[in-house]
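To start, the structure itself, in structure tokens.
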Amino acid sequence: MNILLIGSGGREHALAWAISASPLVSRLICAPGNPGIAEVAECVSIGAMELDRITGFARDSGVDFVVIGPEAPLSAGLADRLEDAGIKALGPSAAAALLESSKGFARDLCDSAGVPSPAYRRCKTAESAKAFAESLGYPVVVKADGLAQGKGVVIADSRAEAAAAIDSMFGGAFGAAGEEVVIEEFLEGEEASLFALSDGEHILPLAGAQDHKRAYDGDTGPNTGGMGAYSPAPVLDAKIEQNVITRVMQPVIAEMRARGTPYRGVLYAGLMITKSGPKVIEFNCRFGDPECQVLMPRLKSDLLPALIAARDGILDSVDLRWRSDTALCVVMAANGYPGTYAKGTEIRGLEEARQIDGVEIFHAGTTERDGRIYADGGRVLNVCALGHDVMTAQERAYRAIACIDWPGGFCRRDIGWRAIARNAQS
């Protein structure tokens with residue numbers, strides 16, 4: 001089969017790495033890809049948001065199946081365009097992708113489907129948003145309704161912080177994403193994510209993971225797109241996973257089908273595990289980043305048949321097997337991220353780092369010139385490791401990082417700390 005993968009980040013490198021191992025693949029192409037992806041796939045210079053060019057290229061190149069990695073082209077309707085052109089694609093329609101592209105839509109749908117979630121209100125003015133925040137008390141969660149690359153969420157500890165966040169969003173800090181603001185109840189607990197494939201009717205649970213959103217050690221600093229992750233997440237035990245499947249995943253898929261917008265693709269449920277059980281913080285309509293980078297090394301089965309089955313409506317005929325090992329990913333980011341950062345700093349030592357047992361390095365924001373690798377984004381590298389437990393995986397990942405010579409970057413030094421603390425207590 002000729003497979004086209006859309007995207008250029010660490011998630012797409014992990015997907016390319018997994019898909020390239022499938023015996024079904026005769027040609028794997030990535031648009032636009034990155035230097036790491038170029039080691040396992042053919043990269044073409046077509047941007048993820050060049051929907052017409054992607055569709056034309058897929059048609060002219062005899063592509064049999066397209067895997068869409070990022071949320072922006074899904075929300076813009078890339079899956080719809082490809083299917084209209086007779087090209088099979090994995091990913092929800094634009095109407096179904098509203099689960100991620102509109103936080104207000106997702107909250108309304110949870111209400112309709114009876115899915116456990118926080119109290120909320122959709123607000124179109126700063127005044128109404130501030131009034132509802134005051135009624136909930138502090139801390140309170142302030143969200144830009146639309147896509148904001150993982151940065152449109154503020155946990156405000158005071159009236160002043162909430163007001164500043166609300167004014168910033170309505171003032172254009174996130175462009176059109178902030179034209180509506182969602183105010184939510186703050187939930188106490190531990191965050192985790194559960195992933196599943198859906199074919200519009202059936203669900204195939206994948207695996208859980210835990211992400212580290214804050215920029216600095218100790219879960220301090222600004223929210224980012226994710227500074228690291230590990231899987232499995234001990235907080236997501238078998239009982240809680242089943243609770244999420246029956247009370248979150250299945251009702252959401254049934255509600256989407258009932259509305260005439262069946263959901264086909266990857267469903268990511270971002271959860272808060274509270275004292276009263278799991279509640280939904282958010283939905284994503286694709287694999288998480290960096291969570292995908294810890295799911296793929298744990299997957300023993302061929303990923304591609306499951307992706308095709310999700311598109312073809314036969315997911316109930318598929319089973320996947322997973323390694324019991326822990327996978328842990330540390331994100332290396334450019335100094336200054338998630339604020340202003342420089343591009344073009346050279347990165348050395350990657351080959352040495354990859355020699356460490358159990359380590360894979362996925363490129364997230366790099367470019368290559370004359371055989372050398374340079375930083376070309378905010379989150380730049382994903383250093384991932386497998387181990388029989390989280391401490392072993394963590395030790396291997398940080399040993400690999402010690403081999404990497406990149407003064408222009410930084411990383412958190414405590415990825416996996418919750419799981420290690422939980423193990424120490426048990």
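The values are calculated or read from the model by the stated rules, or taken from the named source; none is laboratory data. Keep in mind the model is a prediction, meaning the values are calculated, not measured. Cβ sites come from the backbone with ideal geometry, for glycine too, and all protein chains shown count toward neighbours. We work out accessible area using only protein heavy atoms, side chains counted, and drop any ligands, DNA or RNA first. Shrake-Rupley method; radii C 1.70, N 1.55, O 1.52, S 1.80 Å.
List the cysteines in the chain whose Cβ has no other cysteine Cβ under 4.7 Å from it.
Isolated Cys, the chain: 30, 43, 110, 123, 285, 292, 403, 411.
Could you work out Rg/(2.2 N^0.38 Å) for the stretch 275-426, with Rg from alpha carbons only? Numbers along the way, then the final one.
Working: Rg = 17.7 Å, N = 152, 2.2 N^0.38 = 14.8 Å.
It is 1.19.
Below 8 Å, C-alpha to C-alpha, sequence gap of six or more: please give me the relative contact order for the chain in percent.
Values: 1016 pairs, mean separation 66.7, N = 426.
Relative CO of the chain lands at 16 percent.
Using a 1.4 Å probe on the protein chains only, how many percent of the accessible area of the stretch 1-154 belongs to carbon and sulfur?
On the way: 2820 of 5590 Å².
Reported share for carbon and sulfur atoms: 51 percent.
On the first, second and third principal axes, largest extent first, how far apart are the outermost C-alpha atoms of the stretch 52-130 in Å?
On the principal axes, the stretch 52-130 reaches 52, 28, 18 Å in Cα extent.
What base-10 log of the normalised intensity I(q)/I(0) is obtained for the stretch 233-315 from the Debye formula, alpha carbons as equal point scatterers, at q = 0.17, 0.24 Å⁻¹?
Per q value, in the given order, log10 I(q)/I(0) is -0.86, -1.43.
So between residue 44 and residue 301, what do we pick up on full extension, going 0.36 nm a residue minus the alpha carbon distance?
Value of the extension gain: 89.7 nm.
Please report the Cα spread of the chain along all three principal axes, rounded to whole Å, starting with the longest.
56, 48, 44
Can you give the FRET efficiency to the nearest 0.05 for residue 160 and residue 217, using r as the Cβ-Cβ distance and R₀ = 25 Å? All intermediate terms of the calculation are to be shown ahead of the outcome.
Numbers: r = 26 Å, r/R0 = 1.05.
Using R0 = 25 Å, I get an efficiency of 0.45.
Find the eigenvalues of the gyration tensor of the Cα atoms of the stretch 109-264, then list the square roots of 5 times those eigenvalues as equivalent ellipsoid semi-axes, largest first, in whole angstrom. Spell out each step's value before the answer.
Working: eigenvalues 160, 84, 43 Å².
Computed over the stretch 109-264, the values are 28, 21, 15 Å.
At 0.36 nm per residue, and after removing the present C-alpha to C-alpha distance, how many nm does the segment from residue 108 to residue 190 gain when stretched out fully?
On the way: separation 82, 0.36 × 82 = 29.52 nm, distance 2.35 nm.
Net length gain for the segment: 27.2 nm.
Can you give the percent of C-alpha pairs in the stretch 106-182 whose distance is more than 21 Å? Numbers along the way, then the final one.
Working: 669 of 2926 pairs.
Tail of the P(r) past 21 Å holds 23 percent of the pairs.
Hey, what number do you get for the chain at 222 nm if only DSSP H runs of n ≥ 4 count, each worth -39500 (n - 2.57), divided across all residues, to the nearest 500? Could the numbers behind the result be given before it?
Details: 15 runs with 131 residues, N = 426.
Mean residue ellipticity, 222 nm, calculated: -8500 deg cm²/dmol.
What whole-number value in Å² describes the accessible area per residue of the stretch 245-323 for a 1.4 Å probe? Could the numbers behind the result be given before it?
Details: 2870 Å² over 79 residues.
Result: 36 Å² per residue.
When ligands, DNA and RNA are left out and all protein chains stay put, how many square angstrom of accessible area per residue does the stretch 72-178 have with a 1.4 Å probe? Walk me through the numbers before you get to the answer.
Working: 4260 Å² over 107 residues.
Accessible area per residue: 40 Å².
From the C-alpha coordinates alone, can you work out the Kirkwood hydrodynamic radius of the stretch 84-147, in Å?
Details: mean 1/r = 0.0720 Å⁻¹.
Its Kirkwood hydrodynamic radius stands at 13.9 Å.
In nm, to one decimal, how far is the residue 399 label point from the residue 22 one, both placed 7 Å along Cα→Cβ?
That separation, rounded to one decimal, is 3.4 nm.
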